[in-house]
1. Quick one: would you say residue 98 is under 17 Å from residue 43 (Cα atoms) and either part of a loop (DSSP other than H, G, I, E, B) or over 16 Å from the mean Cα position of the chain (by Cα) (or both)?
2. Among the residues of the range 65-95, which ones are in a loop (DSSP other than H, G, I, E, B) and either touching a strand residue (DSSP E or B) at 6+ places or on another chain (Cβ under 7 Å) or surrounded by 10 or more Cβ atoms within 10 Å (Cβ to Cβ) (or both)?
3. In the range 33-61, what residues are surrounded by fewer than 16 Cβ atoms within 10 Å (Cβ to Cβ) and in contact with a helix residue (DSSP H, G or I) (Cβ under 8 Å, 6 or more places away or on another chain)?
4. Which of (1) touching a residue at least 60 places away in the same chain (Cβ under 8 Å); (2) out of contact with any helix residue (DSSP H, G or I) (no Cβ under 9 Å at 6 or more places or on another chain) is the odd one out, the single condition residue 65 does not satisfy?
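Bear in mind these aren't lab numbers, they're just calculated from the coordinates by the rules spelled out. None of the values given here were measured: they were computed from a predicted structure. As a convention, Cβ positions derive from the backbone with ideal geometry for all residues, glycine included, and neighbour counts pool all protein chains shown.
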C-alpha cells in the first residue's frame, strides 16, 4: 500500500498515493539569476519574497564595490545564494547581458 507524500517539507503540494520514493517525485528546483548593485534596504524582503514563490537557488552578479553590496554579502550565507560574479565600473546594459548570459546554461538546440 502506498503512502501520501509531500513534495515540499512544508506540505505546500501533496502528490497522490505512491510506492517507494521515485526520482521523478523529487521537488522541482527553481534557479534565479540576479544582477544587483546596492539595494541593501530591499534585499532581505526581496529574498523572502522569492523564496516564498519557490525559488530554490539564487545566482548573483554583484555590480559595484563590495561596500556598495554590503547587504548582499551579509545576507548571502542565510539563503541558498551564491555570488557567481562581481565587478565594478560603469554600468552598461550590454555588459550586464553578457554577464547574465554567462551564468545561464545553454538550452537545447533549436529545431
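1. Here the answer is no, as residue 98 does not meet what is asked.
2. First, pick out the residues of the range 65-95 that are in a loop (DSSP other than H, G, I, E, B): 65-69, 79-80, 88-92.
Those that are in a loop (DSSP other than H, G, I, E, B) and either touching a strand residue (DSSP E or B) at 6+ places or on another chain (Cβ under 7 Å) or surrounded by 10 or more Cβ atoms within 10 Å (Cβ to Cβ) (or both): 65, 66, 68, 69, 79, 80, 88, 91.
3. 39, 40, 41, 44
4. (1)
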